[in-house]
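What follows is a short report on a single structure.
Each value in this text was obtained by applying a stated rule to the coordinates, not by laboratory testing. This is a predicted model, so every value here is computed, not measured. Don't worry about glycine lacking a Cβ; one is built from the backbone with ideal geometry, like all the others, and counts go over all protein chains shown.
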Amino acid sequence: MSERDLEAVIGRVRGWVDAAGRIVVLTGAGISTDSGIPDFRG
């Protein structure tokens, strides 16, 4: 994907986010540990 195409997609998604009343993000296990947040192991 070219940089121009990527910018167009990002712009489209940004429009959806701006127009949305609410946003829900569903992620899988491990997403927080990859970003440096320690995991919880009761």
message: loosely packed, with under 10 Cβ neighbours inside 10 Å, without any contact (Cβ under 8 Å) to a residue 24 or more places away in the chain and of a type in the set (A, V, I, L, M): is that true of residue 23 in this structure?
response: yes
statement: Only unsatisfied item for residue 6, checking (1) in a loop (DSSP other than H, G, I, E, B); (2) surrounded by 10 or more Cβ atoms within 10 Å (Cβ to Cβ), is (1)
